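Engineer: Can you keep this structure in mind? I'll have questions shortly.
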Amino acid sequence: MKILVVGSGGREHALAWKITQSPLVKQMYCAPGNAGTMNLGENIPIDPTDIKGLVDFANKEKVDLTVIGPEIPLAMGVVDEFETKGLKIFGPTKSAAELEGSKVFAKQFMDRHKIPTARFKIVDNPDQAKKLLQSEEIPFPLVVKADGLAAGKGAIICNSLKKAELAVNTIMVEKKFGESGNRVIIEEFLRGKEVSFIVISDGVKVLPFVTTMDHKAVYDGDKGPNTGGMGAISPSPFVDQELFNETVKTIVFPTVTRMLEEGRKYMGVLYVGLILTEEGPKVLEYNCRFGDPETQPQILRLESDLVEILMATVEGNVLEKEVTWTNKPSGCVVVASGGYPTKYEKGKQIEGLKETADIPGITVFHAGTEFKENKYYTSGGRVLGVCASEETLASTMNKIYEAIGKIGFDAMHYRRDIGAEREEEQ
Ligand code: AMP
Ligand code: GLY
């Protein structure tokens, strides 16, 4: 088989790594890929938003299955375009991907179907937003969110009226996230642990992946601004079997079933961001794609053939029973450019990469990397994900941190407390 993976992050390297281990696969392409995927197959210089370019490539090369990493092509309707041409692709259609593409759609959907989520109001102009904030109908702290995609930066947690008014200005007046700021959601702040609950669905049935916990804040102790994710572990230490079953029953199944009933059959990854509140799990957001960096530790624990899983799902038969995972925990620590998630420099030479990747038990997934004249350079905010899966979480994390000690580039930055046990002050 020929497989095309779309994207260029650590998530896509991890997917490509597992895909190329399948005996079914003859050729893997990655569009546009990074310096890690380059060694597994062929990087193709097509941007993930160039839908026509992707369709033409898949057609010409007779690609058997395309797997989409990031949300933007999904929200643009890449799946619909592939399906029209009779090409197999893993991911939700444009109308199903609205669960991520429009927070207003997602909140109203949850409201219609009594799926537990934070209490909210939708407003479509700044005056209305300010009036609502001043009324304190939703008490502080609260969260102001842009409606559409905002690269994970469209949710602003506000402790005061002043901060909330500024957030409304940034989103609705300055239009920092463009059209995504035409409407905002003002919602209750939920207290509790955060969990990434990820399943794949064929539109009817569901295959839950092993649980994970992301670490979103840039600095140790969950300090500093949110990033795309600075590291993840699997399983999540906060999800026991009972909570797992409750989440599937009260959130995951109702979501998939109601989407089907509304004529938006949901095939692909359903990533539910949850807060474990005192009243039970509540949905923060839906994503219509694999997590990054959650995919990296999940893929390390997957024993079954990922290509068989994806193919079966596309063909309408998610392998809900057959898939196996190792019981061993796993972890991923993201090595980032200094300054990320705001301003950072690129083009720094990365030292020690080969030595690190050669350590038995260590897997290094590339994200923002580039290979030029026999050397690796940084080309993005999140540069590498150093991963392992050992007998215990402590030995896994020790191994990862020891390995990171061998990597170096100018202004390199990473969190030292991924997977560390600690009381969180929520
Ligand atoms: P979102 O863009 O909705 O995924 O939000 C980004 C991050 O902001 C989440 O991962 C949470 O850490 C935080 N967040 C968003 N909404 C809430 C909420 N209602 N209560 C608490 N934290 C939230
Ligand atoms: N790590 C968070 C996300 O993938 O959305």
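Engineer: Among the GluC sites (Glu not before Pro) in segment 244-278, which ones are in a DSSP loop with at most 14 other Cβ atoms within 10 Å of the Cβ? Mind listing them?
Structural biologist: Loop-located and lightly packed - 262, 278.
Engineer: Among rounded, prolate and oblate, which fits segment 175-294 when a ≥ b ≥ c are the square roots of the eigenvalues of its C-alpha gyration tensor, a/c under 1.5 means rounded, and a/b larger than b/c means prolate?
Structural biologist: oblate
Engineer: Divide by every residue of the chain the summed helix terms, -39500 (n - 2.57) for each DSSP H run of at least 4, and state the resulting mean residue ellipticity at 222 nm, rounded to the nearest 500 deg cm²/dmol.
Structural biologist: -7500 deg cm²/dmol
Engineer: Which cysteines does the chain leave without a neighbouring Cys Cβ under 4.7 Å?
Structural biologist: By the Cβ distance rule, which asks for a partner under 4.7 Å, the isolated cysteines are 30, 158, 288.
Engineer: What size of dipole, in debye to the nearest 20, comes out for segment 124-230 about its Cα centre when the only charges are +1 on Lys and Arg C-beta atoms and -1 on Asp and Glu C-beta atoms?
Structural biologist: Using only the charged Cβ atoms, the result is roughly 180 debye.
Engineer: Using a ≥ b ≥ c from the Cα gyration tensor of segment 324-380 (square roots of the eigenvalues), is it rounded, prolate or oblate, where a/c under 1.5 gives rounded and otherwise the larger of a/b and b/c decides, a/b for prolate?
Structural biologist: oblate
Engineer: While we're looking at this one, here's another question. Which of 406, 131 comes first, and how do the rest follow, when ranked by fewest Cβ neighbours within 10 Å?
Structural biologist: 131, 406
Engineer: Please list, short to long, the whole-number percent of alpha-carbon pairs of the chain in consecutive 20 angstrom bins beginning at zero.
Structural biologist: With a bin width of 20 Å, the distribution comes to 26, 61, 13, 0.
Engineer: Now for a different question. Just flag the chymotrypsin sites (Phe, Trp or Tyr not before Pro) in segment 71-179 sitting in loop per DSSP whose Cβ has no more than 11 other Cβ atoms within 10 Å.
Structural biologist: none
Engineer: Which whole-Hz ³J(HN,Hα) couplings does segment 392-397 yield from phi under the Karplus relation 6.51 cos²θ - 1.76 cosθ + 1.60, θ = phi - 60°, glycine and proline marked x?
Structural biologist: 10, 5, 4, 5, 4, 5
Engineer: Also, I was wondering about something else. Report the charge-dipole magnitude of the chain in Debye, nearest 20, computed about the Cα centre from +1 at each Lys and Arg Cβ and -1 at each Asp and Glu Cβ.
Structural biologist: Working: 51 positive and 60 negative charges, 141 e Å.
With only Lys, Arg, Asp and Glu charged at Cβ, the dipole is about 680 debye.
Engineer: With a cap of 14 neighbouring Cβ atoms within 10 Å, and only residues DSSP puts in a loop, list the GluC sites (Glu not before Pro) found in segment 140-240.
Structural biologist: Details: sites: 165, 174, 179, 187, 188, 194; in loops: 174.
Those satisfying the criteria are 174.
Engineer: Take every Cα pair under 8 Å in segment 283-426 that's 6+ residues apart, average their separations, divide by the length, and report that relative contact order as a whole percent.
Structural biologist: With pairs under 8 Å counted, the relative contact order is 27 percent.
Engineer: Shifting gears a bit: Answer with one residue from 418, 31, 392: the one whose Cα lies farthest towards the positive end of the charge dipole of the chain, charges on Cβ with Lys, Arg +1 and Asp, Glu -1.
Structural biologist: Sorting the options by dipole projection puts first 31.
Engineer: If you don't mind, there's one more thing I want to ask. Work the Kirkwood hydrodynamic radius out for segment 273-416: mean of 1/r over every pair of different alpha-carbon atoms, inverted, in Å.
Structural biologist: The answer is 17.2 Å.
Every read-out reported here was derived from the displayed coordinates using simple, explicitly stated rules and does not represent laboratory data. Predicted model only: the values in this text are computed from it and were never measured. No Cβ is skipped: glycine too gets one built from the backbone with ideal geometry, and neighbour counts run over all protein chains shown.
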